[in-house]
Every structure is written in structure tokens, then in C-alpha cells.
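Any read-out appearing in this document is the output of simple, stated calculations on the displayed coordinates, not a laboratory observation. Predicted, not measured: the structure shown is a model, and the values here were computed from it. With ideal geometry, Cβ positions are generated from the backbone for all residues, glycine too; neighbour counts draw on all protein chains shown.
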Amino acid sequence: MATCGEVLVRLLEAYGVDTVFGIPGVHTVELYRGLPATRIRHVTPRHEQGAGFMADGYARVSGKPGVCFIITGPGMTNILTAMGQAYGDSVPMLVISSVNRTEQLAMGQGRLHELRSQQAVVAGVAAFSHTVLHPNQLPEVLARAFALFASTRPRPVHIEIPIDVITAPGDGLPLEPRPLPGPPGPDPAAIARAAELLAGATTPLLVIGGGAVPAAKEVLALAERLGAPVINTVNAKGVLPPGHALHAGENMAWPPLREALRTADAVLAIGTEFGETEMYPGPLPLRFDGKLIRIDIDPEQLVRGFSCDLPIVSDSRQALRALLDALPASALRSSDGVSRARALREALPALWWPAVRTHQRLLGVVQEALPEAILVGDSTQPVYAGNQFFQPAAPRSWFNSSTGYGTLGYALPAAVGAKLAAPDRPVVVLVGDGGLQYTLPELAAAVEAATPVIVLVWNNRAYGEIRTYMQDNGIAPIGVDLYTPDLLAIARGYGCAADRARDHGHLAELLAAARGRERPSLIEGMEEPPFVLE
Ligand SMILES: Cc1ncc(C[n+]2csc(CCOP(=O)(O)OP(=O)(O)O)c2C)c(N)n1
């Protein structure tokens, strides 16, 4: 006899799941019974928030949903922050939890791990949450989750299974996945209109967001065909090849980019919500005097914030392919696109805050030592700076929690997930001493999972960004100067290699040594000379 829990893991495997992140408890052990009969690997974090961040990092690098097994109650409340980050950045995540027995649901009898309603708790951070009240529901509900990941704006999905349903017989349930729909394509009439607008534009401009990642080839072809400068968001870094002549820069807080968006006769925005965190240290309202065309897989996104002239609901790749086909051969190629892009790009460094130079040097060393690295960032000063200029070699190679939900503690566990998705690439964690202390115990999970991530800690013994913000706003710094422990000793205690970089040359040596190791490395860079440039 196979239980519902055993069928679940078989179905997950059939949908292509190869890794599950979780901490088992008495309410979820029956999800584990069937695991050895599958090829699914289980990775154990030290906190459910870590499980969620690992799943997030895994999903961002692999493009597949990150899957978690979470216990009822405290496990669910612990993972909410990670679900919030994934929700904000449109990351596919499947959180499967237990819940108390069916006849006990919402009874308030003081059961172990009881919450009044887990569904209510996750409502703000999940696309949907479903309680599986009978094993027969399982195949359909899983298919709904995977259909959502395959064809709509990806976001976390929560499926909870009462402990009596997990152990109920699952015999006879189908073990094959349901055929899934592909993502939606565009309305041909809307594409024809977009082609007309873009073909007639003399100063076209593209804005690309995380939704453009699957369409990197098409974005490049379209930009070159139109001669259109391209502004990217943080999550679209790497979509345009590094150093491309049409790269206009990033961060829509900077006046030259805002002015270019306002004055362009046609702006095509692909897979971006024009989010507040793309306007650092803004935000300011954007204006578009010309035509604004938006392509997004989420119809609601097309009417949010401000009105656009031509909303197109579609997966970005299909829309851009159709647009490339629909553009007339005679389409005007903006002859000055390269010079417009260069003028914008070259105007930005003078606007950056002084510390960006410090972080340019720091991240330059990382990029030179590990050119093919994936850089997973927290919410810390080198990350805000790198968001302005860093150009990774490929998409899915620079992401961080300074965007969207903006939580601390993301980077280390997300990097473990990233390393599991791309074991052959170096994975570097960019994190402050404040953010690292949120999820420091995940060093143990990294050692245990044999994921040799390289943790580069920017140590200023403070919540540095907030200290500066308080000072800039005439508030005495309170609660921002930290007692930071000996991170090197702690990292060694966890079984990691650990060193403090003396200078940039030494940092390069430490990164090269870390790359060859089979265990994680922690490298500390103090926020002081020689790392702080005048
Ligand atoms: C969960 C959470 N709590 C508080 C904050 C507010 N916050 C944003 S940045 C920051 C400072 C982070 O300090 P650290 O990681 O050391 O990086 P630094 O600013 O020093 O570079 C804080 C407290 C946050 N983003 N997330």
C-alpha cells in the first residue's frame, strides 16, 4: 500500500523535482517515508527561513520551482519571510506543509503546532494555498501548482496536507504528471500595433526586467534591430551581454535615465513592474511623454502604477519573436541608438554616491578572480553599489534581496540553493556582518550539503546603511552599532575555511584558493582602508 505522502514524492519526481529543502517534524515524517524510493535529494537547513531562501536561490538559477517540506505552525511562520521575498521577485516556489488532522482543523483545541488558519497566514505571500482534504485531490492540486509555474507569473504556492490525509491510502492515484499548458502568447493585433509604433519611432528605448530573462536572445535581436538603448533592472542583469554598445545603464532614479524615458517617442517595457527598488535611493514617479508599450505575463501588472498605451499580455519570448517577425523590413533603425546609449551610460558614474568606487574595486577583484561566478547578494552596501554597474557574464548570475521585499539574511542560504542548481560554477555570497548574522547557522547546512559557497562579508560592525541613513536624516544612530563576534572563528567552528583579506591582492588570492576547495570559505573584508577608497 502506498500512502498519500508516498504518492506525493513520486509525483514531485515525475514533475522534475530533484531537490527538496526541509526540516522534518512529527507532523511531516510521513512525507519522508517515500523519499528513498525516488532520486530526490533532501537538503536540511538550520531554520525554515533558510529552507525558503535555499529554494529561492535554487529556482533563480535553475529556472525550476524550489520545493520545501515544512512542518505545521512554527515551520510555516518561519518560512513566511522567504515566501515574501520570492513573491516580491516572482520566483517559483512550492511549499508543502502538514497541518493538523482534518477533524481538528480550526477547532482551537491547543493541538501541537496549531495555528488558527495557515491559509490565512500565507495569504499575503502565496499565489494560492490549498488544503488537501482527501488523497484524490492531490494530483489535481499539484498540477495546478506546476501549471502556474509553467504558464503564469511565478510565485510561491502553498499546499498543506492534514496528517491523517498524508497517511491515508494513495493506491490507485495516477503517478504521471498532467500535461501542462505553456505560457500564453500575444494577441497578433497588439503585436502589429506595437511593431507599427516601434517602426515609426526615432528615439525608441527598451526597459527589461526579470520577466525578460527567458528571452535574452530575442531582447538582443530586437534592441539591435531597432537600434534601441536598453535599461535593465537588477533582475535582468546579464540579459544583454556585458559591455554591449546599446546598454544604457540601470537604476531609474538617475535623472538622465528618467529624462530618456520621458522623452523617448516609444518605450517598450518587457517583464518589469518598474518597482520602487529599481529607483535607489528614489523612488520618484516616472513620466512617459511618448508611447509606452508593456509586455508582461501578468495582466494586472499592465495596469498597475500608471497607464500604458499598449498593454500586451504574453510570455516575453513569444511576444518578442512575434514582434521581430512583424517589424517591417523597412523599420527605421534608430541610427543614433549607440550614441544615445553611450551618453546615458557615461553620464551615470558622476551621479553615483562616493562609496560606489570602493565597491567597484572590490567587485572588480571578484569578477576578475571568478569571471563565471554567480553572485548572490544580501541587502548590503556592496550590493546596492554593484546594482549600479555590475555586469555578469550571463542572466541568472546576479541577484539579491535588496530588490522587492528587501529582507536581510537571504544571501547565504540562497547561495546554497544556487550552488545546488549550478554545482560547476563558483557561487559568491555578498553579505554584511548584520545580514550574515540573521542566517549564520546555514554555514552548517552548506558544509553538510557539500556546497562550497564563498562568503564575502563586508564587515563594518554595524547595520551600516541604516547608520548612514539615520545620520543623513539628523537622527542620533541608535540600534545600528553592532557587537559583531569573531566571524572567522565561528566559520572555522562550522568547518569552513576562513580568512581576513588584507588588501585587494590578498582578496584575489583568497578567492582563487576558495574556488578549489570542497568546503565553504568565509572571507572577511573590513570596511576600512585599504578596502575603503578615498
Ligand atoms: C528583516 C529586515 N530587518 C531590517 C531591515 C532594515 N535594514 C536594511 S539594510 C540594514 C543594514 C544591514 O546591515 P549589514 O548587513 O551589516 O550591511 P551594511 O548596511 O552594513 O552594508 C537593515 C537593518 C531589513 N532590510 N530586513
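Each Lys and Arg contributes +1 and each Asp and Glu -1, all at the Cβ; summed about the Cα centre of the chain, the dipole is approximately 540 debye. If R0 is 60 Å, the Cβ-Cβ spacing of V338 and L133 corresponds to a FRET efficiency of close to 0.50. For an R0 of 45 angstrom, estimate the FRET efficiency from the Cβ-Cβ distance between L533 and Q104 and round to the nearest 0.05. With R0 = 45 Å, the Cβ-Cβ based efficiency is 0.15. With loop membership from DSSP and a limit of 12 other Cβ atoms within 10 Å, the longest segment of the chain without chymotrypsin sites (Phe, Trp or Tyr not before Pro) is 1-305. Near V207, the amide H atoms lying under 5 Å from its own belong to I231, L268, A269, I270; only residues 5 or more places off or on other chains count, and H is placed 1.01 Å from N. Between the residues L35, Y463, A51, the greatest Cα displacement towards the positive end of the dipole of the chain, with unit charges on the Cβ of Lys, Arg, Asp and Glu, is found for L35.
Which residues does the label zone of W353 cover in the range 390-413, counting backbone N under 17 Å from a point 7 Å along Cα→Cβ? It comes to 390, 401-404, 406-408, nothing else.
Ellipsoid fit via the Cα gyration tensor, the range 164-279: semi-axes of 38, 19, 13 Å, each the root of five times an eigenvalue, largest first. Taking 7 Å steps out from each Cα toward its Cβ at T44 and E276 produces label points 4.0 nm apart.
Within the chain, the proportion of Cα pairs with more than 44 Å between them is 19 percent. Derived from the Cα gyration tensor, the three semi-axes of the equivalent ellipsoid of the range 285-328 are 21, 14, 6 Å, largest first. The range 315-381 and the range 252-303 have Cα centres lying 15 Å from one another.
Here the Kirkwood formula, the inverse mean of 1/r across different C-alpha pairs, assigns the range 21-70 a hydrodynamic radius of 11.4 Å.
Here the Karplus curve 6.51 cos²θ - 1.76 cosθ + 1.60, taken at θ = phi - 60°, turns the phi angles of the range 157-169 into couplings of 10, 10, 10, 10, 10, x, 5, 6, 6, 4, 8, 5, x Hz, with x standing for Gly and Pro.
Cα centroid separation, the range 34-87 to the range 209-245: 30 Å. Using the alpha carbons alone, the radius of gyration of the range 331-404 stands to its Kirkwood radius in an Rg to Rh ratio of 1.05. Screening the chain for whole DSSP H helices with an alpha carbon extent of at least 18 angstrom along the helix axis and a mean Kyte-Doolittle hydropathy of at least 1.0 yields 138-151. Across every pair of non-identical alpha carbons in the range 353-526, the mean reciprocal distance, once inverted, gives a Kirkwood radius of 16.0 Å.
Net charge of the neighbourhood of I374, taken over other residues with C-beta under 10 Å away and scored Lys/Arg +1, Asp/Glu -1, is +3.
Sparsely packed loop sites in the range 287-389 (the GluC sites (Glu not before Pro) outside DSSP H, G, I, E and B with at most 13 other Cβ atoms within 10 Å) comprise E372. Express in whole angstrom the spacing between the alpha-carbon centres of the range 457-534 and the range 107-140. With the range 457-534 and the range 107-140 each reduced to a Cα centre, they are spaced 41 Å.
Evaluating 6.51 cos²θ - 1.76 cosθ + 1.60 at θ = phi - 60° for every residue in the range 442-459, the Karplus couplings come out as 5, 4, 5, 5, 5, 5, 4, 7, 6, 10, x, 6, 10, 8, 9, 9, 8, 9 Hz, glycine and proline recorded as x.
For the range 188-349, treating each Cα as an identical point scatterer without solvent, what Debye log10 I(q)/I(0) comes out at q = 0.18 1/Å? Values returned for q = 0.18 Å⁻¹ are -1.07.
Based on every Cα atom in the range 4-166, Rg and the maximum pairwise Cα distance Dmax equal 14.1, 43 Å. Rounded, prolate or oblate: which one fits the range 252-325, using the alpha carbon gyration tensor with axes a ≥ b ≥ c (rounded when a/c is under 1.5, else prolate when a/b beats b/c, else oblate)? Prolate is the answer for the range 252-325, as a/c is 1.5 or above and a/b outweighs b/c. Label positions at A489 and E300, each projected 7 Å from the Cα along the C-beta direction, are separated by 5.0 nm. Among the trypsin sites (Lys or Arg not before Pro) within the range 108-155, those in coil by DSSP and having at most 13 neighbouring Cβ atoms inside 10 Å are R116. Out of G377, A394, W353, whose Cα points farthest toward the positive end of the dipole of the range 353-526 (charges: +1 Lys, Arg; -1 Asp, Glu; placed on Cβ)? Towards the positive end, the residue furthest out is A394.
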